[in-house]
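Only one structure is covered here, and it is reproduced in the block below.
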Amino acid sequence: MLATLDARDAIYLVVGLALFALTLQPALGSRRWFNLPLFYVLAGTLFGGIAVIRIDPVAGGLQAKVIEHASELIVIISLAGAGLAIDTVESWRSWNPTWRLLLVTMPLTMAAVAFLGHAWLGLTLPGALLLAAALAPTDPVLARSVQVSPPGQREEPMEVALTAEAGLNDGLAFPFVYFAVHAAALGTGAMLGSEAWLWDWMWFDLLYRVAAGVGVGFLVGRGLSWAILSRWGDASTGAWNAVVVILASTMLSYGAAEAVDGYGFLAVFVAMRSGRSRTRGTEDEGYERFAHHGAEQLEAILLAVLLLWLGTFIGGGALAGLRWQEVAFALALVLLIRPAAGLVALVGLGGGLKGKRKVAFFGIRGMGSVFYIAYAQTHADFVSIDAVWRIAAVTIVASIVIHGYAANLLLPEDEPDEEVHPHRRGGRPGENG
C-alpha cells in the first residue's frame, strides 16, 4: 500500500521544517543575501494552492477570526519583548524622536494613505481609512532587526526611537481602526451627516481607551513585578519560569485592559516598562533578560508560522486582481511616504542626518497590519475588504524585501556607526526583515 500525504501531515512537516530552520539563523544570518522572513513567505507560497491548508481571512467568519487572534498573539508577545528591551529611561527628552514619530509621522502617513487609497486606488472611504490605520504603524514584530538589543546591551537613539514607536503606536493606530469601523457601519452619508458618533469616537475610542490602556498597564506591571521580585517570586528562586512569567504578564495586562475597553497593546508595553522601572538600580536588575529571552523564543515560533500563512494566503489567490497602481502604492509607501513623513518629524532634532534618515526609512510594516485589518473585518462589513487585504499583503512583502536587504546592506555588522548600533543577525526570523 502506498503512503498518502494528507493536509495534517503536510502541516506538521512544513511547520516542523520551519521551526528547525530557526536554529540555522545564527549560522546564516551574517550572509547579506539571507532574508529569512522572505524565505518563509516564499515557502508558504509554494503551498498556497493546497486549499485544504489555506486560511483565507477575506472569506470572513471563522477564518478571519483565526488570523485576527493569531496575529494578535504575536503582536502582544512582541510588544512585551520590546517593553523589556529598552534601557533608556522614558522621558520627553530622551524619547523625543519617538514622540515626533508618533505625533507627526503617523498622522502624516495616515493622511497620505487614506487620500491615495480613496482618490487613486478607488477604495471606498471606510476601506481607505482602514488601510491608512493598518499601514501607518511601524510593526513591533518584523522591525526587530533595527530595534534595541536585549536588556543590558548598548543601544543607540535610532534603535530606541523605532522600538518605542513600535511599542506605543497602537495608541494612534487603533483609534483610527475604530474610526474606519464606524464609517463602515454607519455608511459614508450618515457619517458625514451626523456629529454625535464623532464625539463618541473622540472621547471613548481616542481618549478613554488610550488612558485605560496606559493606566491598567502601569498598575498591572507594578503589581506583577512586585510579586515576581518578592522572596516567593521567580526572580528569587532561580528564574526557571521566565517563559511562563512573560506569558502570564503579557496575557494578564492585555486581558485586564481589554476587560475595561482599554487598548491591550498599549497596556502590555506599558506594563513591561513599569515592571522594568522597579528593577533599575537594584540587585534584581537583570531578571528581565531571562523574560526577554522567553519572549524572543515565543515570538520566533509564532512568526515562523504566520509568515508561512502569509505565503499560503498570497499563493492561494489573495493577489488576484492586483493592479499596477496597487504595487506602485506599496512601493511609494515604503520608499517615499514613510521616509518623507519621518524626516519631517525629525526636523530640528539634534544628531546627524545619517541617523535621521535611517529612523525615517525603517518604518517596517508587518503583522500588526494583519491584525488591524482582520479585527476591523470581523467588526464591520467593508465593501472593498478584498482590495484592502491585497494592498496590505503587497506592502508587507515589499517591506520584507526592501527593509530586510536594506538592513543587511546599510547596517553592516562590521562597520559600527556613531549613531546606529551594528545590525544584529541571529535569533528570530524577524531579524532580517
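What tally of residues in segment 265-301 results from selecting those that are assigned to a helix (DSSP H, G or I) and among the acidic types (Asp, Glu)? Qualifying residue count for the region: 3. In the condition set (1) under 23 Å from the mean Cα position of the chain (by Cα); (2) touching a residue at least 24 places away in the same chain (Cβ under 8 Å); (3) part of a helix (DSSP H, G or I), residue 137 is compliant with all but (3). Quick check, is residue 262 over 26 Å from residue 128 (Cβ atoms), out of contact with any Leu (no Cβ under 7 Å at 6 or more places or on another chain), of a type outside the set (A, V, I, L, M) and assigned to a helix (DSSP H, G or I)? Criteria not met by residue 262.
When 332, 406 are checked against the criterion of being at pLDDT 95 or above and not charged (D, E, K, R), 332 stands alone in meeting it.
Identify the residue in segment 68-95 that is of a type outside the set (D, E, K, R) and surrounded by fewer than 16 Cβ atoms within 10 Å (Cβ to Cβ) and, among all such residues, is modelled with the highest pLDDT.
69
Quick check: is even one residue across segment 143-155 at pLDDT 90 or above and either outside any helix (DSSP H, G or I) or touching a helix residue (DSSP H, G or I) at 6+ places or on another chain (Cβ under 9 Å) (or both)? So far as segment 143-155 goes, no, none of its residues is at pLDDT 90 or above and either outside any helix (DSSP H, G or I) or touching a helix residue (DSSP H, G or I) at 6+ places or on another chain (Cβ under 9 Å) (or both). Could you look through segment 336-349, keep only residues that are surrounded by 15 or more Cβ atoms within 10 Å (Cβ to Cβ) and not small (Gly, Ala, Ser), and pick out the one that is nearest to residue 138 (Cα to Cα)? Only one residue fits best here, namely 338. Against the numbered list (1) modelled with pLDDT of 85 or more; (2) polar (S, T, N, Q); (3) touching an Asp or Glu at 6+ places or on another chain (Cβ under 7 Å), residue 253 comes up short only at (3).
Taking residue 242 as the residue in question, decide whether it is surrounded by 15 or more Cβ atoms within 10 Å (Cβ to Cβ) and modelled with pLDDT of 85 or more. So residue 242 does not fit the description; no. Scanning segment 160-190 for residues that are in a helix (DSSP H, G or I) and without any contact (Cβ under 8 Å) to a residue 12 or more places away in the chain, we see that the one that is farthest from residue 268 (Cα to Cα) is 189.
Residues checked against (1) modelled with pLDDT of 85 or more; (2) under 15 Å from the mean Cα position of the chain (by Cα); (3) surrounded by fewer than 21 Cβ atoms within 10 Å (Cβ to Cβ); (4) over 17 Å from residue 170 (Cα atoms):
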residue	(1), (2), (3), (4)
231	no, no, yes, yes
237	no, no, yes, yes
260	yes, no, yes, no
293	no, no, yes, yes
299	yes, yes, no, yes
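Of the residues making up segment 135-148, one or more are surrounded by 22 or more Cβ atoms within 10 Å (Cβ to Cβ) and farther than 30 Å from residue 89 by Cβ. Is it the case, given these coordinates, that residue 314 is under 21 Å from the mean Cα position of the chain (by Cα), of a type in the set (A, V, I, L, M, F, W, C), part of a loop (DSSP other than H, G, I, E, B) and closer than 30 Å to residue 16 by Cα? Judged against the criteria, residue 314 is not a match. Residues that are part of a helix (DSSP H, G or I), among the hydroxyl-bearing types (Ser, Thr, Tyr) and surrounded by fewer than 24 Cβ atoms within 10 Å (Cβ to Cβ) within segment 370-395 comprise just one, 375. Given the condition without any contact (Cβ under 8 Å) to a residue 12 or more places away in the chain, touching a helix residue (DSSP H, G or I) at 6+ places or on another chain (Cβ under 6 Å), in a helix (DSSP H, G or I) and surrounded by fewer than 24 Cβ atoms within 10 Å (Cβ to Cβ), answer yes or no: does some residue in segment 117-134 qualify? Checked against the condition, which is being without any contact (Cβ under 8 Å) to a residue 12 or more places away in the chain, touching a helix residue (DSSP H, G or I) at 6+ places or on another chain (Cβ under 6 Å), in a helix (DSSP H, G or I) and surrounded by fewer than 24 Cβ atoms within 10 Å (Cβ to Cβ), segment 117-134 yields at least one hit.
Scan segment 262-275 for residues that are buried (at least 24 other Cβ atoms within 10 Å of the Cβ) and more than 17 Å from residue 68 (Cβ to Cβ) and jot them down. Steps first, please.
Of the residues in segment 262-275, the ones buried (at least 24 other Cβ atoms within 10 Å of the Cβ) are 263-272, 275.
Once the filter is applied, which keeps residues that are buried (at least 24 other Cβ atoms within 10 Å of the Cβ) and more than 17 Å from residue 68 (Cβ to Cβ), segment 262-275 yields 266, 267, 269, 270, 271, 272, 275.
The values are calculated or read from the model by the stated rules, or taken from the named source; none is laboratory data. Being a predicted model, the structure only gives us computed values, none of them experimental. Neighbour counts are summed over all protein chains in view; Cβ atoms, including those assigned to glycine, are modelled from backbone coordinates with ideal geometry.
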